[in-house]
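Comments concern the structure below.
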Amino acid sequence: MDNLVDMSPDPILAAEPGRVVGLVGHPGLGLTRLGLGMLAGPARLGPVAAVDARGWLSPAAAWEVGVGPDRLVVVRCADRSLWPRVTAALLEGLGAVYAEVPAGVGDAVLRRLAALARSRRSALVLRPLRGGLPSGLAHLRLEAVGVRWEGAGEGHGLLLRRRITLRAAGRAMAGIERVVEVDDDGTHAVRVVSRLAAAPAGQATG
């Protein structure tokens, strides 16, 4: 497909071998597209997977952010009792997994999956559908705190881009919580466009 694009090299948007990224925030803030985009780098090296816990994730959304159709596996699993085994099996065999986390999955389960990702050198991007992640679990935690659409005014017009405001924290940020903005114009790779004022280090979370 001629609309496949590369992800930004910015480490904030990268899924790295053996690392866990946590994407936290309410639905509708663009986190699904952001998480799928993180698979683009690992997909250049081999197959990657997306675990769909809601039943509506479209493979085309991953293709648009650079994951080739021949490199993507989509597994639909809304059953929280089966979800850990499904996700673990994918981590055993693939280089990167983006996984929506059904409500009710326990912290101990998530910590075991994080340990498995580290031992297998697989990138794991976790997107809880409700609530957050255990403290210290994620090497990088991105929390969506706002979204702004540009291009439409007074209820009409052409939407040009979506700009997502994120709080970035964790070991990847050297213990300092930072506020960043991510730009998504719908046709190119999601990319960081600014690094705003840093919050005090004491506010950083895993």
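Quick note: the coordinates plus some simple rules give every number you see, no bench work behind them. Everything numeric in this text was worked out from a predicted model, so none of it was measured. As a convention, Cβ positions derive from the backbone with ideal geometry for all residues, glycine included, and neighbour counts pool all protein chains shown.
For ARG118, what charge total do you get from the other residues with a beta carbon under 14 Å from its beta carbon, if Lys and Arg give +1 and Asp and Glu give -1? Here the count lands on +4. Estimated at 0.36 nm per residue, the fully extended path between ARG111 and GLU150 surpasses their Cα-Cα distance by 10.2 nm. Convex hull volume of the Cα atoms of region 11-203, normalised per residue: 119 Å³. Its alpha carbons considered, region 53-148 gives a radius of gyration followed by a Dmax of 13.5, 38 Å.
Each other residue within a Cβ distance under 9 Å of ARG54 adds +1 if Lys or Arg and -1 if Asp or Glu, for a net charge of -1. So, in Å, what gap is there between the alpha-carbon centers of region 118-133 and region 5-79? Computed from Cα coordinates, the inter-centre distance equals 12 Å.
Once both labels are positioned 7 Å from their Cα atoms along Cα-to-Cβ, the gap between ARG85 and ALA103 label points is 2.5 nm.
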